[in-house]
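Asker: Once you've had a glance at the structure underneath, I'll fire off some questions.
The values are calculated or read from the model by the stated rules, or taken from the named source; none is laboratory data. Please read all numbers here as calculations on a predicted model, not as lab measurements. No Cβ is skipped: glycine too gets one built from the backbone with ideal geometry, and neighbour counts run over all protein chains shown. Areas reflect the complete protein model, heavy atoms only, side chains present, ligands, DNA and RNA absent. Shrake-Rupley method; radii C 1.70, N 1.55, O 1.52, S 1.80 Å.
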Amino acid sequence: MEDTMALRSFGKDPEANGDHCPTVWLDEDKGELVFQGWRADDALQAECLVTGPIPDTEAVVRLPLRMAEQIREALNAADGTAVR
């Protein structure tokens, strides 16, 4: 039997249209936030590398600040303060 992920969606970028939108989810089983965002370009990745290496198993993505509401909702749900 395979492990299945139960992702709870908190929304897409409110100003994006179509299927290619930054998105926020909560994996309640693992206690993790999951993000879909725009890939960082080489310049941004170089800036991030100043802090330390980016392993092959990780990625730098960008999310617009206008998604703060979706991110806050997901964080509230993750710590149990959200009303279900």
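Asker: Of the conditions (1) of a type outside the set (D, E); (2) under 14 Å from the mean Cα position of the chain (by Cα); (3) closer than 21 Å to E15 by Cβ; (4) open to solvent by less than 80 Å² (accessible area, probe 1.4 Å), L65 fails just one. Which one is it?
Answerer: (4)
Asker: So is V60 surrounded by 16 or more Cβ atoms within 10 Å (Cβ to Cβ), β-branched (V, I, T) and in contact with a helix residue (DSSP H, G or I) (Cβ under 6 Å, 6 or more places away or on another chain) or not? Lay out the reasoning, then the answer.
Answerer: Numbers: surrounded by 16 or more Cβ atoms within 10 Å (Cβ to Cβ): no; β-branched (V, I, T): yes; in contact with a helix residue (DSSP H, G or I) (Cβ under 6 Å, 6 or more places away or on another chain): yes.
So V60 fails the test.
Asker: Would you check if T51 is of a type in the set (S, T, N, Q), buried (at least 16 other Cβ atoms within 10 Å of the Cβ) and either more than 12 Å from the chain's Cα centre (by Cα) or closer than 23 Å to E69 by Cβ (or both)?
Answerer: Numbers: of a type in the set (S, T, N, Q): yes; buried (at least 16 other Cβ atoms within 10 Å of the Cβ): no; either more than 12 Å from the chain's Cα centre (by Cα) or closer than 23 Å to E69 by Cβ (or both): yes.
Criteria not met by T51.
Asker: Now for a different question. Filter the range 1-57 down to the residues that are acidic (D, E), free of Cβ contacts under 8 Å to residues at least 24 places away in the same chain and part of a loop (DSSP other than H, G, I, E, B) and list them by number.
Answerer: E2, D3, D19, D41, D56
Asker: Another question about this same structure. Residues of the range 1-24 being open to solvent by less than 60 Å² (accessible area, probe 1.4 Å), touching a strand residue (DSSP E or B) at 6+ places or on another chain (Cβ under 7 Å) and closer than 13 Å to L63 by Cα, which ones?
Answerer: G11, C21, P22, T23, V24
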